[in-house]
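Q: So that we are looking at the same thing, I have put the structure below in structure tokens.
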Amino acid sequence: MSFKTKLEKLPFYNDAVLPYHYAQSLIAGTKNHWPGKKLRVIGVTGTNGKTSTCFMLWHMLNQAGFKTGLMTTVAWGVEKLEPELGHMTTVDAITLNKRIKKIADSGAKFLVLEVTSHALAEFRTLGIPFEIAIFTNLTHEHLDYHKTFAKYRAAKGKLFKKAKFSILNADDPASLYYQKLSRDYITYGIKNGQNRASDVKLGVDGVKYSLGDIKIETKIPGEFNVYNSMAAALAGKKLGLSNEQIENGIKTLESVEGRMNIINEGQDFTVIVDYAHAPDALEKVFESVKDHKGRIISVHGGAGRRDPSTRPIRGAILAKYSDLVIITEDDSRDEDPEKIAEGFIKGAEKQGKTLGKDLIKELDRGRAIELALNEAKKGDLVLILGKGHEKTILRADGPHDFEDSKVVRNLLTKLRN
């Protein structure tokens, strides 16, 4: 374990380095002449759904003829996106300001920015004038960093204090907290909110619903994408887009990399790759495939140096909804993959799974995926969960090239031949 890693494990470390983060952000903003002030910035925060909401809004604005920049967990850029290779959503202040400057210099009018609680706590968004802030949802995550749920919620609250206008998910209890912090706001939801989805139709190929007089249709499945697209649509409306521009922008977005991506190489079973790694996100993935008639085979693992309390919870969720669970590696970093897997296995066993029968431990992620695909029969569903769009896997000796969708495609091609 490196000296820096040992320091990071100290309980007071995150607070102790806040002055450093503030100074870094101040220098980065000044050096780049505060580039965020040249753009109309929409910030999206929440535990889940941030990336999909950002992509929908970015695509919608560009389709409507407004040059728009994007910065998310998956990619960043304007018309041509560059992959985000670092395993970080809102990058460090120096990189963030350089990229925003590049986007502004390209002539972009808008910037859609995915904003994390870490970034807000560490002042990375210092000097960025948010015109609109979007809240997707809030569930327990990143407590390894924030220590308590209240501190996690409060960190995200900084965005709504800064923004001129907020768009809040009223079906999430935290919405009430953020309403009190917001200068001006509207709410949305399926059950609650000023703006509600009606006539919701969920399908394996996407969702359809009405938002007032706007008819929304997405090509991305899952009830959670009703919420994501609602937030994007309401932001578009606030920015002056017509109903037609909103409808067209959302409908023509083919997919978001690593988010409910169906991998089809001619096999007679379904394979989906998704980034879900928090308990709530896993629940939502399984909820979106609840009408599947065949068996469900799930491949999932946990990252090292991340909140260990979620591991047995996630193991139980996998076991509850899957016929076969395969526990594997994620970004183990400098933590023992065996120890990480133990938490998942305990949770799955409490839910009734038996190790060696309907619960398998295979810590090599490539072999775990191969095992799942070999096990799948006609009509089954294989879910590869946790890494989504990521292009590397972080082990104790550093990053290794690894992309779930590519591994799946290669293995399916071999099976077919």
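The values are calculated or read from the model by the stated rules, or taken from the named source; none is laboratory data. Keep in mind the model is a prediction, meaning the values are calculated, not measured. Backbone-built Cβ (ideal geometry, glycine too); neighbour counts: all protein chains shown.
Q: Considering only residues of region 88-143 that are more than 18 Å from His33 (Cβ to Cβ) and assigned to a helix (DSSP H, G or I), which is modelled with the lowest pLDDT?
A: The qualifying residue modelled with the lowest pLDDT is Leu143.
Q: Against the definition (in contact with an Asp or Glu (Cβ under 9 Å, 6 or more places away or on another chain) and surrounded by fewer than 22 Cβ atoms within 10 Å (Cβ to Cβ)), how does Asn261 come out, yes or no? I'd like the intermediate steps shown before the answer.
A: On the way: in contact with an Asp or Glu (Cβ under 9 Å, 6 or more places away or on another chain): yes; surrounded by fewer than 22 Cβ atoms within 10 Å (Cβ to Cβ): yes.
For Asn261, the condition - in contact with an Asp or Glu (Cβ under 9 Å, 6 or more places away or on another chain) and surrounded by fewer than 22 Cβ atoms within 10 Å (Cβ to Cβ) - is met.
Q: List every residue pair whose Cβ atoms sit under 6 Å apart, with the two residues 6 or more apart in sequence or on different chains, where the first one lies in region 299-322 and is at negative phi and in the same structural domain as Thr148 (by TED's automatic domain parsing) and the second, anywhere, is of a type outside the set (Lys, Arg) and at pLDDT below 95.
A: From region 299-322, no pairs qualify.
Q: Exactly one of (1) within 25 Å of Asp331 (Cα to Cα); (2) crowded, with 24+ Cβ neighbours inside 10 Å is unmet by Ala75. Its number?
A: (2)
Q: Specify the residue that is modelled with the lowest pLDDT; the eligible residues are those in region 391-417 that are among the acidic types (Asp, Glu) and more than 15 Å from Arg333 (Cα to Cα).
A: So in region 391-417, the residues among the acidic types (Asp, Glu) come out as 397, 401, 403-404.
Filter once more, so that each one left must be more than 15 Å from Arg333 (Cα to Cα): 403-404.
Working: Glu403: 89, Asp404: 93.
So the residue we want is Glu403.
Q: Among the candidates Lys414, Lys378, single out the residue that is out of contact with any Phe, Trp or Tyr (no Cβ under 9 Å at 6 or more places or on another chain) and among the charged types (D, E, K, R).
A: The unique qualifying residue is Lys414.
Q: Out of the residues in region 144-188 meeting the condition of being out of contact with any strand residue (DSSP E or B) (no Cβ under 6 Å at 6 or more places or on another chain) and among the small types (Gly, Ala, Ser), tell me which one is modelled with the lowest pLDDT.
A: The qualifying residue modelled with the lowest pLDDT is Ala150.
Q: Moving on. Go through region 201-236 and count every residue that is assigned to a helix (DSSP H, G or I) and farther than 15 Å from Gln63 by Cβ.
A: Selection size over region 201-236: 8.
Q: A follow-up question, please. Can you tell me which residue is modelled with the lowest pLDDT among those in region 300-317 that are basic (Lys, Arg) and under 17 Å from the mean Cα position of the chain (by Cα)?
A: Let us first name the residues in region 300-317 that are basic (Lys, Arg), namely 305-306, 311, 314.
Keeping just the survivors that are under 17 Å from the mean Cα position of the chain (by Cα) gives 306, 314.
Working: Arg306: 80, Arg314: 93.
The qualifying residue modelled with the lowest pLDDT is Arg306.
Q: Those residues that are touching a residue at least 24 places away in the same chain (Cβ under 8 Å), buried (at least 17 other Cβ atoms within 10 Å of the Cβ) and over 27 Å from Val271 (Cβ atoms), I need them from region 187-215; list them, please.
A: Within region 187-215, Tyr188, Gly189, Ile190, Gly193, Asn195, Ala197, Ile214 meet the criteria.
Q: Got a sec? Which of Lys215, Lys208 is among the basic types (Lys, Arg) and in contact with a strand residue (DSSP E or B) (Cβ under 7 Å, 6 or more places away or on another chain)? Walk me through how you get there before you give the answer.
A: Working: Lys215 fails: in contact with a strand residue (DSSP E or B) (Cβ under 7 Å, 6 or more places away or on another chain).
Going through Lys215, Lys208 in turn, just one is among the basic types (Lys, Arg) and in contact with a strand residue (DSSP E or B) (Cβ under 7 Å, 6 or more places away or on another chain): Lys208.
Q: Return the residues of region 283-332 that are crowded, with 19+ Cβ neighbours inside 10 Å and assigned to a loop (DSSP other than H, G, I, E, B); say none if nothing qualifies.
A: Across region 283-332, the qualifying residues are Ala303, Gly304, Arg306, Ser322, Asp330, Asp331, Ser332.
Q: Answer yes or no: is there a residue in region 192-199 that is closer than 30 Å to Ile384 by Cβ and within 19 Å of the chain's Cα centre (by Cα).
A: Here is the first cut: in region 192-199, the ones closer than 30 Å to Ile384 by Cβ are 197.
In the following step, the residues that additionally are within 19 Å of the chain's Cα centre (by Cα) were identified as none.
No, because not a single residue in region 192-199 is closer than 30 Å to Ile384 by Cβ and within 19 Å of the chain's Cα centre (by Cα).
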